[in-house]
Amino acid sequence: MNSINIFAPYASNYDLKKQISNIWFFFKGDTMYKLSLVLFSITFSGLTVLLSGCGGGNVYAEAPKFTSSSNDLSSGSFDAKYIANGFGCAGKNISPEIHWNNAPVGTKSFSVTVYDPDAPTGTGFYHWAVYNIPASANGLPQGAGNAPERLPTPAYGGANDFQDTGVTGVNGNYGGPCPPIGDKPHTYLMTVWALDVTDIVATGGIPKTGTSALYGFVLNRGLGVHVLGKAVFTATYGR
C-alpha cells in the first residue's frame, strides 16, 4: 500500500500557514466544543483519504451474492421427468440438478431443502432434504436424490414428508411435486443453506432420523449464527 500524505491539498508553505492562521482565528473564542469539531474533522478527513488509497475504488464493495439455480428447471416449472410417481401423478420422479455459487466465507457444509409452502397440510410439505454436503461441493447432479450413493460423502438424505408411502422408493430420497388437481400451481422453494459447521446433527443436538420439521426448525432458528447465508430459487407445478 502506498503511503499517503493527508496534507497534500496544502502543497505550499503559504497554504499551510494560511490554514494555521485560520485555525488560530477560529480559536480566539476558544471552547472545547470547537476543539472537538476540529479534531473530528482532521481525523475523519485523514481516515477517508487513507481508506480510499487502500481500496483504490469502492471502500464498501460487497462480497458476491450467494446464489443457487438449476439447469433442469430453467423454464421455471417442473417437467414430467421430475414429477412424483404416485398419489395420482405419473412422473419419473428424478431429482433435478442443483448448483450454487459464491458461498459465504467460512462455509464448512451445505444443506439443501425442497419445500412446498402451498401444500394443503397446514405446515407445508418437504419433498427433499440433503444435509452435511461438504464445502468442496458446488452442486448436486441430476438423480442425486434417487440413490444415497450418488451423494458426495458425508452427505445424506433426510426424511421428507412422503415418509414410507413408496413414492420415493426409500424415505430420504427425492419425492417430486404432485399437488392436488385443481389447485393453482404450487411454488416450490429450493434452498441451499451455507453453514459454518460440518455436522448439522451434532451442532443442532437432534437425531439423524429427525423429521423434516425438526431439521427445518434447526436451520431456520436453532443454528442461529451458524447459518452464514441461504440461496433460494423457485419453480412451479400444477395439474
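The values are calculated or read from the model by the stated rules, or taken from the named source; none is laboratory data. What you are looking at is a predicted structure, and each value in this text was computed from that prediction instead of being measured. Methodologically, a virtual Cβ is constructed for each residue, glycine included, from the backbone with ideal geometry; neighbour enumeration extends over all protein chains shown. Side chains are part of the model used for accessible areas, which takes the heavy atoms of the whole protein and leaves out ligands, DNA and RNA. Shrake-Rupley method; radii C 1.70, N 1.55, O 1.52, S 1.80 Å.
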Identity of the residue in region 87-99, open to solvent by less than 20 Å² (accessible area, probe 1.4 Å) and within 15 Å of Pro179 (Cβ to Cβ), that ends up nearest to the chain's Cα centre (by Cα) = Asn93
Please verify whether region 90-99 includes one or more residues that are of a type in the set (Asp, Glu), in a loop (DSSP other than H, G, I, E, B) and touching an Asp or Glu at 6+ places or on another chain (Cβ under 6 Å).
-> yes
Selection from region 175-212 of residues that are closer than 21 Å to Ala119 by Cβ, more than 22 Å from the chain's Cα centre (by Cα) and among the small types (Gly, Ala, Ser) | Gly175, Gly176, Gly182, Gly210
State yes or no: is Pro104 of a type outside the set (S, T, N, Q), in a loop (DSSP other than H, G, I, E, B), out of contact with any helix residue (DSSP H, G or I) (no Cβ under 7 Å at 6 or more places or on another chain) and open to solvent by 50 Å² or more (accessible area, probe 1.4 Å)?
-> no
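Of everything in region 120-136 that's open to solvent by 20 Å² or more (accessible area, probe 1.4 Å) and of a type in the set (A, V, I, L, M, F, W, C), which residue is farthest from the chain's Cα centre (by Cα)? Steps first, please.
We begin by selecting, within region 120-136, every residue open to solvent by 20 Å² or more (accessible area, probe 1.4 Å); these are 120-123, 125-126, 134-136.
Keeping just the survivors that are of a type in the set (A, V, I, L, M, F, W, C) gives 125, 135.
Numbers: Phe125: 21, Ala135: 13 Å.
This residue is Phe125.
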Under the condition of being among the hydrophobic types (A, V, I, L, M, F, W, C) and buried (at least 21 other Cβ atoms within 10 Å of the Cβ), which residue from region 160-179 is modelled with the highest pLDDT?
-> Cys178
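Please state which one of Val49, Val59 is at pLDDT below 95 and either part of a loop (DSSP other than H, G, I, E, B) or among the hydroxyl-bearing types (Ser, Thr, Tyr) (or both). Quick ask: steps written out before the conclusion?
Numbers: Val49 fails: either part of a loop (DSSP other than H, G, I, E, B) or among the hydroxyl-bearing types (Ser, Thr, Tyr) (or both).
Unique residue meeting the criteria: Val59.
Applying the selection to region 107-116, what residues are farther than 20 Å from Thr165 by Cβ and open to solvent by less than 60 Å² (accessible area, probe 1.4 Å)? Steps first, answer last, please.
Looking only at region 107-116, we keep the residues that are farther than 20 Å from Thr165 by Cβ, and these are 107-112.
Within region 107-116, Thr107, Ser109, Phe110, Ser111, Val112 qualify.
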Give me the pairs: first residue in region 152-172 and farther than 15 Å from Ser212 by Cα, second residue part of a loop (DSSP other than H, G, I, E, B) and aliphatic (A, V, I, L, M), beta-carbon distance under 6 Å, and six or more apart or on different chains, which are they?
-> Pro152/Ala137; Val167/Ala84
Residue by residue through region 107-116, note down the ones that are not in a strand (DSSP E or B) and not charged (D, E, K, R).
-> Thr107
Being β-branched (Val, Ile, Thr), farther than 29 Å from Ile83 by Cβ and either in a strand (DSSP E or B) or open to solvent by 40 Å² or more (accessible area, probe 1.4 Å) (or both) is the filter here, so list the residues in region 180-235 that pass it.
-> Thr198, Thr203, Val225, Val227
Looking only at region 215-239, and only at residues there that are among the charged types (D, E, K, R) and in contact (Cβ under 8 Å) with a residue 12 or more places away in the chain, the one that is nearest to Ala103 (Cα to Cα) | Lys230
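Scan region 149-159 for residues that are in a loop (DSSP other than H, G, I, E, B) and open to solvent by 50 Å² or more (accessible area, probe 1.4 Å) and jot them down. Give the steps one after another, and end with the answer.
Start the filter on region 149-159 by keeping residues that are in a loop (DSSP other than H, G, I, E, B), which leaves 151-155, 158-159.
Passing the criteria: Thr153, Pro154.
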